[in-house]
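Novice: Sharing a structure, written as structure tokens. Questions coming.
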């Protein structure tokens, strides 16, 4: 519920860049130790309530439609480089110098 309180949003934005990883609720894992994710119905209710807050607060929104973690991470990195207007560093060569 952090995003539902304006003072929390101010603190988040003051201390960093707020990236909203936008993943369809249907792709989220149900259960586990998160009390509000015990059922798909509960997740849908929470998403409906919180989504407007995430959209309003996010500096950057990155879609994640269920791809592998590494693919999603690389795309998020690309979006962050673009957001900050920074060119991605070239990988260092591992061959002989």
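Nothing in this text is a laboratory measurement; each read-out follows from the coordinates by a stated rule. Values in this document were obtained by computation on a predicted structure and should not be read as measured data. Note that each Cβ is placed from the backbone with ideal geometry, even for glycine, and that neighbours are counted across all protein chains shown.
Novice: Restricting to the stretch 47-97, count the residues that are more than 19 Å from residue 22 (Cβ to Cβ) and either out of contact with any helix residue (DSSP H, G or I) (no Cβ under 8 Å at 6 or more places or on another chain) or outside any loop (DSSP other than H, G, I, E, B) (or both).
Specialist: Total meeting the criteria: 12.
Novice: Of all the residues that make up the stretch 31-89, how many are without any contact (Cβ under 8 Å) to a residue 40 or more places away in the chain, surrounded by 13 or more Cβ atoms within 10 Å (Cβ to Cβ) and under 19 Å from residue 8 (Cα atoms)?
Specialist: The total comes to 3.
Novice: So which residues in the stretch 13-28 are assigned to a helix (DSSP H, G or I), touching a helix residue (DSSP H, G or I) at 6+ places or on another chain (Cβ under 9 Å) and within 24 Å of residue 69 (Cα to Cα), if there are any at all?
Specialist: 25, 26
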